[in-house]
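We did not get these values from a lab; they are worked out from the coordinates using the rules stated. Because the structure is a prediction, the values reported are computed rather than measured. All Cβ positions, glycine included, derive from the backbone under ideal geometry; neighbour counts span all protein chains shown.
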Amino acid sequence: MAEFSARDRLRLLAGGSAMFLAGCGGSNPPVNSGSLLGSGDGSGTGTGTGTGTGTGTGTGTNTGGSTSPAALTTGLLRDHYRNNFQIGTALSNQRIAANDLSAQIAADQFGSITPEWELKPEVIQPTPGVFNFSEADRVVDWALANGQTVRGHALVWHESTPDHFLQGSREDIRLRLEDYVSTVVDYFRGRVAVWDVVNEVTSADVYRGSDGVGPDRQEDWFNAVGNADYIDWAFRAARAADPNALLFISEYDTETQLKRDWLIQILRRLSARGVPVDGVGHQFHFFIDTDPAQALAAIDAVDNEFLGLINHATEIDVSFYRDPGTCWQTGTNCLADLGPNAPADMLAQQAQLMRSFFDGMVLRSSVESVSFWGVRDSDSWLNTSPVERFNFPLLFDRDGEPKSAFHAITDPNYVI
Ligand code: XIL
């Protein structure tokens, strides 16, 4: 049966303009702007703006007076995995600006920050020749001031490619890309430790089964260049600009066998050509019923190539809705909104999934970083994609309280 990953679903819905939405905040979920730190009255107001489904209604359940999440030991999550891997989260300026609870938890519990959209090409270079680093600087410097490392996401992504990037001849495109990558990586030299150099370049045709065309995504970049050489160009330019940065290829749905096989084919090709790839980023956008063994198999598949590659989990979340493909394609037949209170059995299922996944990850020495795609449930893009609905994908609830999933991965004695 055809399945649509979170990524494809966003793309189908956004009609390829996801980053426009991101740029104006429209694809961000509703955000409770009622202060969770002060003496709020519990009436969160949405700050989602722009087009798309981002006109958020507040989902805040602040009852006032709570100044910090209860029973959350300082640095617990980060420290628990200290000997295994870095623990990270995505974060955006939107949260930092308000100094909201997510930013505070991010500073306390996570050792690595991935700017959620500030380092994407449509933010940095929407118009030819002009580089705008102001948004990126804010979140990067915030993380560095907290002693955190920064994962740079992402230099090349088909959903955040301004039109001018692909105009002209193959040689024009090559020079422009090399200039972009060199300038950005050089600008952040010594500040951004890891780059997702290319994001989602594997074919999405996996959803057409054996009729699909792989291993490369044969869309905008591929068509403009004539083949997938842009991947090589981007990696070589990044290496030249900052020899100390770790360079990653990032992909979603590596927990799917065919997708994984195609990614491995690309890795073999890059290796044979001497392209400087240091690691694989597995996004790991899970569903509540995802089999964690499949995610671990993705790590093993990379390891079994013996290319010396590092593995990172880069965008973990657990959607409580496994919708049919039509929901993501046309917004129809989506599962009904669960409402503001997550069902207890699903929270337990999420906790078990996370525990099994982490238990497997600690056994795999090639894994050096594990990042979530947000802090609180209210942060997540999955509250608005594919439709506006309460989702519960992350480790902290809307009030910033650690959920069962958090306890399951930080306390071996915690009974789920
Ligand atoms: C998403 C962000 O969460 C949104 O805020 C933004 O509007 C669009 O991008 N895979 C990726 C991420 O590689 O960059 C996406 O992030 C989520 C899916």
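How much net charge surrounds GLY400 when only other residues with a Cβ under 14 Å from its Cβ are counted (Lys, Arg +1; Asp, Glu -1)?
Spelling it out: positives minus negatives among the neighbours equals -3.
Between GLN294 and ASN341, take the C-beta separation as r, use R0 = 25 Å, and let me know the FRET efficiency to the nearest 0.05.
0.30
Within the set of other residues whose C-beta is less than 13 Å from the C-beta of GLU368, count the net charge using Lys and Arg as +1 and Asp and Glu as -1.
Local charge sum for GLU368: +1.
To the nearest 20 debye, what is the magnitude of the charge dipole of the range 99-204 about its Cα centre, counting +1 on the Cβ of each Lys and Arg and -1 on the Cβ of each Asp and Glu?
Values: 8 positive and 17 negative charges, 53 e Å.
Taking the Cα centre of the range 99-204 as origin, the dipole is about 260 debye.
When ILE173, ILE316 are ordered from fewest to most other Cβ atoms inside 10 Å of their Cβ, what list results?
Ascending number of Cβ neighbours within 10 Å: ILE173, ILE316.
Chymotrypsin sites (Phe, Trp or Tyr not before Pro), restricted to the range 280-383: which are DSSP loop and have at most 14 other Cβ atoms within 10 Å?
Hits after loop and neighbour filter: PHE306.
Could you tell me the distance between the Cα centroids of the range 90-145 and the range 258-337, to the nearest Å?
The range 90-145 and the range 258-337 have Cα centres spaced 24 Å from each other.
Please name which of LEU309, TYR321, GLY331 has its Cα lying farthest along the dipole of the range 289-352 towards the positive end, using unit charges on Cβ (Lys, Arg +1; Asp, Glu -1) and the Cα centre as origin.
Checking the options against the dipole of the range 289-352, the answer is GLY331.
Using +1 on the beta carbon of Lys and Arg, -1 on that of Asp and Glu, and nothing else charged, what's the dipole of the range 145-227 about the Cα centre, debye to 20?
Dipole of the range 145-227, to the nearest 20 debye: 360 debye.
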